[in-house]
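Working notes, structure below.
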Amino acid sequence: MTARADRASRLRLALKSLLAEHQRQLDQLLPLRQLVKGSVYLLQTRCGKPTCHCASEEGPLHSSTVLSWSEHGKTRLRTLPPGERARFRQLTENYRRFRQARAALVKLQRRMLATLDRLEKT
């Protein structure tokens, strides 16, 4: 086999491997149907009332679980009731996984195009 044919064969194999990885990434991305952009975390604050237990330095702070997201350049917060916390944690995790899989697909497509360009030159 000539060197060119050997190199073209290796490039085709690399392309098939990239295509298989592309399919794996799609398989991870497509089942994520419900997504919420943002983060769920515990927010602890002082209310500002001088007679409240949180006013003293040793006093416990008020705690609430919130969903935080950015909208038009501003951070928004929504307090989550106890029954929705786990659901929103899952939805925000779905969004993170979706974005990671999307970024991986973009990188794979660039690698595939570069491999196709090399194959075309071979």
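The values are calculated or read from the model by the stated rules, or taken from the named source; none is laboratory data. For clarity, every value in this text was computed on a predicted model and none was experimentally measured. Cβ: placed from backbone, ideal geometry, glycine included. Neighbour counts: every protein chain shown. For the accessible areas, the whole protein counts, side chains as well, though only heavy atoms, and no ligand, DNA or RNA atoms are used. Shrake-Rupley method; radii C 1.70, N 1.55, O 1.52, S 1.80 Å.
Values as computed for the structure displayed
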{"item": "Listed candidates [x] 6.3; [y] 12.6; [z] 8.0 - label of the one calculated as mean projected area of the Cα convex hull in nm²", "result": "[y]"}
{"item": "Cross-link reach list, lysines versus K37, counting only Cα pairs under 29 Å and skipping chain neighbours closer than eight places", "result": "K74, K107"}
{"item": "Accessible heavy-atom area order of H22, H62, H72, H53, highest first, probe of 1.4 Å", "result": "H72, H53, H62, H22"}
{"item": "Y41 long-range amide H proximity, modeled H, under 5 Å", "result": "V66, S68"}
{"item": "Average accessible surface area per residue within the chain, 1.4 Å rolling probe, Å²", "result": "75"}
{"item": "The chain, relative contact order [Cα under 8 Å, separation at least 6], %", "result": "35"}
{"item": "Range in the chain, longest, excluding exposed GluC sites (Glu not before Pro) [loop by DSSP; at most 10 other beta-carbon atoms within 10 Å]", "result": "59-122"}
{"item": "Helix axis angle, 85-121 relative to the chain longest principal axis, alpha carbon, degrees", "result": "20"}
{"item": "Sulfur and carbon atoms: percent of accessible area, region 35-102 [1.4 Å]", "result": "50"}
{"item": "Largest-first principal axis extents of the Cα set of region 57-105 (Å)", "result": "50, 27, 18"}
